[in-house]
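Below is one structure, written out as structure tokens; comments come after it.
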Amino acid sequence: MNTSHYCPHTPEEIQEMLAAIGVSSVEELFAPIPVELRCSTFNLPAGMSEFETYAKLQAVAADNNQNLSLFIGGGFYDHVIPAAVDHLSGRAEFYTAYTPYQPECSQGTLQALFEYQTAICRLTGLDVSNASLYDGATGLAEAALMAMRATNRTKVVVDGCVSPIARQVLATYLSNQDAELVELPPLDGLLNRDELAKQLDGNTAAVLVQYPNVFGGVEDFSGLADQAHAAGALLVTAVYPVALGILKSPGELGADIAVGDGQSLGNPLSFGGPSFGFIAAKKSHIRNMPGRIVGETVDKNGKRGFVLTLQAREQHIKRHKATSNICSNQSLCALRGLIFLAAIGKQGLADLARLNRDKAEYAKARLAELPGVVVLQTAPTFNEFTISLPKPAETVVAALLDKGIAAGLPLGRFYAGSENMLVVTVTEKRSKKEIDQLVKALEVALCN
Amino acid sequence: MSEIYFTKEHEWVKVSGSSAVCGISDHAAHELGDITFVELPAIGKVVKQEEVMAAIESVKAASDIYAPVSGKVVKVNSELDDAPEKVNESAEEEAWMVELELADAAELSKLMTKAQYEDYLKTL
């Protein structure tokens, strides 16, 4: 038989294992699988030395262009990561630990998650947070399920200005539930309030909105919570956490549940992951919250300690009573979020947010000067905004990519008729020089 | 004078006229350990005998509570919302959970008397 270079077992070991389960050959082991369904080759090269493998992987990695001037956001943002984040989260105590199923053994991890929960509660202005979720999009879907449990209703109304990616995850989650999902088409890049009023009825469990929204607009949602509550529904807000440095928190807006993606808090873009989702809620909804929650207690000697609490509905304990079909808590990424928030502090977050807003305002003003470029001006923006171009945005983005600039997120793939719309994002990492280069490159691309 | 009956799933029901007040047995409360939450049904909900009526959470698990008899929920013990520990303290008295409007008195014949339940516990 053919022993692969990638297989660590010796022929003797393989024989031993086969004998233990009572078959004579690997062929016999796989006999129940029809030959035509078996993999004839794994298409792997012959074995290489460690050095050769490393060189090969480095060459593949080098094909990734990591020196782009990045103006793409759309839910994931290129923010500065303080050195403390890498250093502390890289400590072996945190880096190698799996999620704490045995609380008594994991006091350090549990304390970190407890502090993470505290940070998320302060950031969102809400009472309780779990120890993190898989990502922001699944957080939004979990919030919808939470609201359905809390209200005993089945209709979920989502603003079409919520991230299209998150809405797709939401739709997938609800497709096999006894649920009705209503999407409100955006009105000039904002929530369509007349349509919302029509959808608020005795079966509406939740109203889901996002700020800043996918077009970059920061809509004034004051009064929205009262409107939802009057119909017996909950208000769920998806938020961009860095923006909360200067915007009203979900709690101040009267939201019942807040969710978001934590990538922008100390986690690298890393080609799309991993990240973490956060979810926070009013205390009255804690029983309906998915995932694990870390609590503070005292041991028998009266010393402060931490435990996994309120986990009776966790999947590993009571599957059919579980409040979530994922219990992926992203401990390490959430820890990075905590260290990020602790490192920059309350004032630092506000300063960072202002810097983002100011740089984006500069870019917005410069881009608006270009002939044929129109800025969508229906609401104030934070660090991203939508412009319309005299050409398809995909074409322009491709042209600028050749110049080392990732100009933004074209909206055409998400909204019909928006082929010329581009969402441009400016974080604190973009220098004035880079913004000026973007403007110049765009001007050239639009002339050609 | 009301009579008390028990199920094999450790619920009790006290029937007086058409009123059937239910809870879980002292034995069940003891076995579950520290009870942290009782999820009660909505008033007006109609339940069938042996169907899930409520749920109870202890420190480490969530368990279903089954309806000992069929009927409509007319009252729930909302004091348990804030004081679930009452179930540990007084499972068969103060910590009643649900009052049903008894639908079919004949269903009581499927249940155990207190003496029968005590014998049943010895077999577990």
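The values are calculated or read from the model by the stated rules, or taken from the named source; none is laboratory data. Since this is a predicted model, take the numbers as computed values, not measurements. A quick note on method: Cβ atoms are made from the backbone with ideal geometry, for glycine too, and the neighbour counts reach across all protein chains shown. Please note that ligands, DNA and RNA were not included when accessible areas were found on the heavy atoms of the full protein model with its side chains. Shrake-Rupley method; radii C 1.70, N 1.55, O 1.52, S 1.80 Å.
How would the range A:157-233 be classified by its alpha-carbon gyration tensor: rounded, prolate or oblate, with rounded meaning a/c under 1.5 and the a/b versus b/c comparison settling the rest?
It comes out oblate by the Cα gyration axes.
Measure off 7 Å from each Cα along the Cα-to-Cβ vector at A:ALA46 and A:ALA230, then give the distance between these two points in nanometres to one decimal.
Roughly 7.7 nm, to one decimal.
Roughly to the nearest percent, how much of the accessible area of chain B is carbon and sulfur, given a 1.4 Å probe?
Solvent-exposed carbon and sulfur of chain B make up 49 percent of the total.
Highest mean first, what order results for A:146-155, B:85-94 on Cβ atoms within 10 Å?
Highest to lowest by the protection proxy: A:146-155, B:85-94.
Quick one: putting +1 on the C-beta of Lys and Arg, -1 on the C-beta of Asp and Glu, what dipole do you get for the range A:124-274 around its Cα centre, in Debye to the nearest 20?
In debye, rounded to 20, the range A:124-274 gives about 180.
With only alpha-carbon atoms counted, please give the Rg and Dmax of chain A, in Å.
Final numbers for Rg and Dmax: 25.1, 78 Å.
Hey, can you rank A:73-86, A:169-182, A:17-30 by average C-beta count inside 10 Å, highest first?
Ranking, from highest mean packing down: A:73-86, A:169-182, A:17-30.
Just tell me how shielded A:235-241 is by partners: mean number of partner chain Cβ atoms within 10 Å of each residue's Cβ, no decimals.
Counting Cβ atoms of other protein chains within 10 Å of each residue's Cβ and averaging gives 0.
For the range B:6-97, what's the relative contact order in percent, using C-alpha pairs closer than 8 Å and at least 6 residues apart?
Dividing the mean separation by the residue count of the range B:6-97 yields 32 percent.
Quantify, in whole percent, the carbon and sulfur part of the accessible surface of the range A:128-274 (1.4 Å probe; protein heavy atoms only).
49
Evaluate the Debye formula for the range B:31-124 with equal point scatterers sitting on the alpha carbons, no solvent, and hand back log10 of I(q)/I(0) at q = 0.15, 0.19, 0.22, 0.25 Å⁻¹, in q order, two decimals.
Rounded to two decimals, the profile gives -0.65, -1.02, -1.25, -1.34.
Taking Cα pairs under 8 Å and at least six residues apart, what relative contact order does the range A:102-220 come out at, in percent?
This gives 26 percent for the range A:102-220.
With the cut-off at 24 Å, report for the range A:215-322 the share of all Cα pairs above it, as a whole percent.
Tail fraction, whole percent: 45.
What does the charge count near B:LEU124 come to, summing +1 for each Lys or Arg and -1 for each Asp or Glu among other residues with Cβ under 10 Å from its Cβ?
Net local charge, B:LEU124 excluded: +1.
To the nearest hundred square angstrom, how large is the accessible surface buried between A and B, total for both chains, probe 1.4 angstrom?
900
Using a 1.4 angstrom probe, figure out how much accessible area the protein assembly as shown has per residue, in square angstrom, rounded to the nearest whole.
Per residue, the protein assembly as shown has 49 Å² of solvent-accessible surface.
What figure, in Å² to the nearest 10, do you get for the accessible area of A:CYS121 with a 1.4 Å probe and non-protein molecules left out?
Number for this one is 20 Å².
I'd like to compare A:257-263, A:91-97, A:421-427, A:368-374: which one has the highest average count of other Cβ atoms within 10 Å, and what's the full order after that?
In decreasing order of mean packing, A:257-263, A:91-97, A:421-427, A:368-374 become A:257-263, A:421-427, A:368-374, A:91-97.
Quantify how strongly other chains surround peptide B:63-71 by giving the mean number of their Cβ atoms within 10 Å of each of its Cβ atoms.
The mean count of partner-chain Cβ atoms within 10 Å per residue comes to 1.
Estimate the FRET efficiency between B:LEU124 and A:GLN107 by the formula 1/(1 + (r/R0)^6), using the beta-carbon distance for r and 41 Å for R0, to the nearest 0.05.
Here the calculated transfer efficiency is 0.65.
Calculate how large, on average over all directions, the projected area of the Cα convex hull of the range B:7-85 is; give the answer in nm² to one decimal.
Taking a quarter of the hull surface, the average projection is 4.9 nm².
Counting C-alpha atoms alone, how compact is the range A:305-448: give Rg to one decimal and Dmax as a whole number, in angstrom.
21.2, 65
How big is D, in µm² s⁻¹, for the range A:234-288 by Stokes-Einstein at 10 °C and 1.306 mPa s if Rh is the Kirkwood radius over C-alpha pairs?
Rounded to a whole number, D works out at 130 µm²/s.
Just the number, please: percent antiparallel of the DSSP beta bridges in chain A, rounded to the nearest 5.
Restricted to chain A, the bridges split so that about 55 percent are antiparallel.
Kindly report, to the nearest 10 Å², the accessible surface of B:GLU51 as traced by a 1.4 Å probe over protein heavy atoms only.
90
Any chance you could look up the accessible area of A:THR41 with a 1.4 Å probe, heavy atoms only, rounded to 10 Å²?
90
Among A:ILE246, A:ALA406, A:TYR362, whose Cα sits farthest toward the positive end of the charge dipole of chain A (+1 at Cβ of Lys/Arg, -1 at Cβ of Asp/Glu, about the Cα centre)?
Comparing the listed Cα positions along the dipole, A:ILE246 ranks first.
How much net charge surrounds B:SER18 when only other residues with a Cβ under 12 Å from its Cβ are counted (Lys, Arg +1; Asp, Glu -1)?
Once positives and negatives cancel, what remains is -2.
Which value, to two decimals, describes the C-alpha radius of gyration of the range A:106-215 once divided by 2.2 N^0.38 Å?
Compactness ratio reported: 1.19.
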